[in-house]
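Worksheet for the structure shown next.
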Amino acid sequence: MGFVEWIGSNFIGIFEEAARIFISMFSALVPLLLIMLVFTDSITIMIGNKQIKWLIKKIAKLPILNISLLPVLSALFLRNPLAYSSSKYLKEKEKTAFYDALVSFIHPVTALVPSSNPAEIFVFWSITYGVIQSGNNFSSIAIRYFICGIFIACFRGIFTYFFYQWQHLKVFRKKSIQKV
């Protein structure tokens, strides 16, 4: 009977420890998310929606900026899921590359701007909690994750852009051959 009591008390101990960690993360995380949300919203309001739309339209004219700069700005200022609406200013053939770059970058942006993708922040903070407990610096990890995310998003966007162009050309040739 003592063995059963020992298993019962230790089993519930796992959940008690998890609850303690959750409460400590929650009390630190929620105020941070609220402040970041207010900060990015105030920047967006100060700049103005018309100016942001104007900037997006200007960026949308160059395909390389659609893949590199537009996903970063959309994720930072419009946040998930509104960031995807930036694609309405793009040509149809550029939307797949933009989407792939944005999807690749929407996770790393949480390192610096947690309010940009609130659903992912708990994953990032769980990993970060372990890193901080091991004595490493959170800031250096966040910056590296953010920069690495930009490079990966650009690479994936460029690859998707050229792959889409190649597939589009292949289908177009096949259709023109069938017409003849």
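For the structure I just gave you, tell me whether R156 is among the basic types (K, R), at pLDDT 80 or above and either within 16 Å of N66 (Cβ to Cβ) or not in a loop (DSSP other than H, G, I, E, B) (or both).
Numbers: among the basic types (K, R): yes; at pLDDT 80 or above: yes; either within 16 Å of N66 (Cβ to Cβ) or not in a loop (DSSP other than H, G, I, E, B) (or both): yes.
Yes, satisfied.
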Of the residues that make up region 95-103, is at least one in contact (Cβ under 8 Å) with a residue 40 or more places away in the chain, within 19 Å of T160 (Cβ to Cβ), in contact with a Cys (Cβ under 9 Å, 6 or more places away or on another chain) and surrounded by 12 or more Cβ atoms within 10 Å (Cβ to Cβ)? yes
Taking the criterion of being closer than 23 Å to I59 by Cα, basic (K, R), at pLDDT 80 or above and not in a helix (DSSP H, G or I), would at least one residue in region 84-97 satisfy it? yes
Scanning region 105-120 residue by residue, those crowded, with 21+ Cβ neighbours inside 10 Å, part of a helix (DSSP H, G or I) and without any contact (Cβ under 8 Å) to a residue 60 or more places away in the chain turn out to be F105, P108, V109, T110, A111
More than 19 Å from the chain's Cα centre (by Cα), over 21 Å from I143 (Cα atoms) and surrounded by fewer than 19 Cβ atoms within 10 Å (Cβ to Cβ), is that true of A18? yes
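The values are calculated or read from the model by the stated rules, or taken from the named source; none is laboratory data. Keep in mind that this is a model prediction, so the values were computed, not measured. Neighbour counts are summed over all protein chains in view; Cβ atoms, including those assigned to glycine, are modelled from backbone coordinates with ideal geometry.
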